[in-house]
Structures are given as C-alpha cells and as structure tokens.
1. For Ile116, Ile142, Ile14, what's the fewest-to-most ordering of other Cβ within 10 Å of each Cβ?
2. I need the peptides 197-209, 168-180, 46-58 ranked by packing, meaning the mean over residues of other C-beta atoms within 10 angstrom, with the highest value on top.
3. Between Rg and the Kirkwood Rh of region 85-216, both from Cα atoms, what is the Rg to Rh ratio?
4. Can you give the Kirkwood hydrodynamic radius of region 92-145 from its Cα pairs, in Å with one decimal?
5. Using θ = phi - 60° and the Karplus curve 6.51 cos²θ - 1.76 cosθ + 1.60, what whole-Hz ³J(HN,Hα) does each residue of region 125-133 get, with Gly and Pro shown as x?
6. Which angle between 0 and 90 degrees, to the nearest 10, do you get for helix 135-152 versus the longest principal axis of the chain when only C-alpha atoms count?
7. Taking other Cβ within 10 Å of each residue's Cβ, how do Tyr134, Tyr37 sort, fewest first?
8. Let's test this: bin the Cα-Cα distances of region 2-74 at 10 Å from zero up to the farthest pair and state each bin's percent.
Amino acid sequence: MTVRVLFFGPVREITGVAEERVSCAAGETAASVFDRYAARFPKLSSMRDSIVLARNRELSSRAVLEDGDEVAFLPPVSGGAPEDVAEIVDTPIDARALAARVVCGSDGAVVTFEGITRDNADGRTVRYLEYEAYRDMALAQILGIVSEARERWVVGRIGVVHRLGRVNVGEASVAIVVASPHRAAAFEACRFVIDRLKKTVPIWKKEFFEDGEMWVEGETLKRI
C-alpha cells in the first residue's frame, strides 16, 4: 500500500521535501513510518519527543495505516512552547499522566483542572454527554489560548486535553494542567484557559437524560 507523508517547518528542512509517497507493509503505523525517516535523518531522530504524528488530520501514532492514508510529521507550532501539550482525543483522559508530561524540576506549583460529567442538570438525571468538534480549528484555538496565557502570566508548561465522543458520568471531558514556579500564576492561568476554551473553541456538547436529550447552548461564536 502507499501513503502520503507530509513535512512542515524544520522537519521539511531536514528531509528536504514537503511531501513524499512511500510504500508501507500491512500493519504499519505512523510511528513506524517516523522510525523509517528517523533512521535516514539522525537529526529527525533527535527531535522525536517534540514531534507529533497525525493520520488523516487526526493526532495518532499507533493506528494501523491503510492504503491512501495521509501521515503528517508536526513539529512544535509557533503558538506554544515545545513542551506544551494540546490534544483532542477520543479516549479517556488521564490527568495524572498529563501532569507528568508538564511538570519539571523548576516548578514550585502545579494546578490541575478536570471538567467531569455530573449526574444531573437542571433537575434532570444525566446519563452521559457527547462532544463533537471542528478538530483542526479547535486545536489551533487551544494553542492560541495557551499562547495568550503565556503572555499574561509567568508559567512553565501548560497541558490541555479535550475528549470527544461519549463521556459517562464521573469521567473527564477536559483536563488542564498548568505548572509554574509560583502558585498564583498557575491558578490564574488555569482558570483563564478553561474560561476562554468554553467561550471560543468550536466544541459542542449534547446532554443525554433518562427522558430525552438536548444540545447545550453556550455563547455564540463571534463573526469576523
């Protein structure tokens, strides 16, 4: 089978091309394709921890590739520090694992926020929630929010993960971790990120009750 591989920014300069079509064996993943390029380009191998892999415009390194798939090697974007984490996922969120990716030795404080599904809303029993998003735009806006938080407060790394699909009662739909040398900045930046995310990022929530379902309406996105 054949897949299309895309390179951007510093990765494109390392490989010398913007894209290539490569033959892959059955069972290969985006991660195994990266390994092949890392063997060819030692400098690319040294960037392994800061490069994110996408399959068909969704972040994924382990999904098995199919003929005609598109794989992209994404270096750190200009909207955030290389160590920041911004992800949209379809699986349960592990806030402890996110914190482990964010905190480093220079931090004196870490603030974690988790938005979880509660079992009631306006007196009605909630069974579960479902989230959907305009993924590419949502991820870009999350990175923009992280960048703005950095301009306002002196903080270390920031991690933001939002889940899509079905989220059961007690499970997290979003987790935000802010590490900082001092607690005040960490608290303020964390609150800013979740408040701005809920107002501006194109992610939609549907509540499922015992007696029906409804979309939750928030603020209308601003037109340009």
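1. Values: Ile116 15, Ile142 28, Ile14 19.
Listing Ile116, Ile142, Ile14 from fewest to most nearby Cβ atoms yields Ile116, Ile14, Ile142.
2. Details: 197-209: 16.5, 168-180: 21.2, 46-58: 14.9.
The densest-packed peptide leads the list: 168-180, 197-209, 46-58.
3. Values: Rg = 15.3 Å, Rh = 15.2 Å.
Radius of gyration relative to Kirkwood radius: 1.00.
4. Details: mean 1/r = 0.0685 Å⁻¹.
Computed over region 92-145, the radius equals 14.6 Å.
5. Once θ is set to phi - 60°, the couplings for region 125-133 become 6, 8, 8, 5, 10, 10, 10, 9, 8 Hz.
6. For helix 135-152, the angle is close to 80 degrees.
7. Values: Tyr134 13, Tyr37 19.
Least crowded to most crowded, the residues run Tyr134, Tyr37.
8. Once binned at 10 Å, the Cα pair distances of region 2-74 give 21, 61, 18.
Coordinate-derived values only; no laboratory data. Bear in mind the structure is a predicted one, so any value in this text is a computation, not a measurement. FYI the Cβ positions are ideal-geometry reconstructions off the backbone, even for glycines, and counts take in every protein chain you see.
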